[in-house]
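Below is one structure, written out as structure tokens, with a few remarks after it.
The values are calculated or read from the model by the stated rules, or taken from the named source; none is laboratory data. In this text the structure is predicted, and so the values were computed from the model without any measurement. Here Cβ is always computed from backbone atoms with ideal geometry, including for glycine, and neighbour counts include all displayed protein chains. We work out accessible area using only protein heavy atoms, side chains counted, and drop any ligands, DNA or RNA first. Shrake-Rupley method; radii C 1.70, N 1.55, O 1.52, S 1.80 Å.
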Amino acid sequence: PRPQAIDVRIFLEAQPRWLNFESGAVAKIGLPKESIGSAQANSKLWLRKQMLPNVLRLSFNMDSRVLGAKAARGRELRGIIAGMLDRAEYVKLFLGGQGEQAYGPVPPGVVGYSPGIRFANANASQSGVGVKKFDPPVELEMNTFANANWRQFAEWVALKVAPAGIVIKPVFLR
């Protein structure tokens, strides 16, 4: 049988989506990270957790004079930036603690995942100990979307790489 109607609603922000769900205007939603605590405390809700792959990924402009393939310090800078991002902290802050950190090439929740296959510690430089500090600081722009989640992510990346003398200036795209 074919449905008689399809009701599509677009919510640009997570909070209105959550408020509409709580009021009964929407039957099912992906839970915004800010609402996990109140959802768990609400006995009227049926909370279904599902493991979905989420990849923390930064793309670098390989034509860049600072970070690119031909840049003198490009590979070193990219490695330091990638190494200073704390994946466990990412799960806590941006996934509301509702996730499992991947340690290998196949993330949890994907067919073929094996907890026994692990990369070397990807977060070796998180502590800042033994990390090269660039002097003068290296200034980089980070292009990202202009919504609250991406703004928070860009600010977090800037905070994490600052001990290495890398200054990230977010550029928010509209």
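Phi-derived couplings, Karplus 6.51 cos²θ - 1.76 cosθ + 1.60 at θ = phi - 60°, listed residue by residue for the stretch 79-92: x, 5, 4, 4, x, 8, 8, 7, 5, 5, 5, 4, 4, 5 Hz, with x used for Gly and Pro. Exposure check, 1.4 Å probe, all protein chains in place: residue 155 carries approximately 100 Å² of accessible surface. Loop-located trypsin sites (Lys or Arg not before Pro) in the stretch 1-65 (DSSP state not H, G, I, E or B) with no more than 16 neighbouring Cβ atoms inside 10 Å: 9, 28, 44, 48, 49, 57, 65.
Rank these residues by their accessible area, most exposed first, probe 1.4 Å: 86, 135. Don't jump to the answer; show the numbers that get you there.
Numbers: 86 30, 135 140 Å².
Result, largest first: 135, 86.
Seen against the Cα atoms of the chain and their longest principal axis, helix 14-23 is set at about 20 degrees. Surface analysis of the chain yields an accessible area of 72 Å² per residue, using protein heavy atoms and a 1.4 Å probe.
Excluding same-chain neighbours fewer than eight residues apart, the lysines reachable from residue 49 by a Cα-Cα span under 21 Å are 28, 33, 92.
Amide H to amide H, with H built 1.01 Å from N, residue 141 comes under 5 Å of 169, counting only residues 5 or more places away or on other chains. Compactness of the chain is given as radius of gyration and Dmax, 19.9, 67 Å, from Cα positions.
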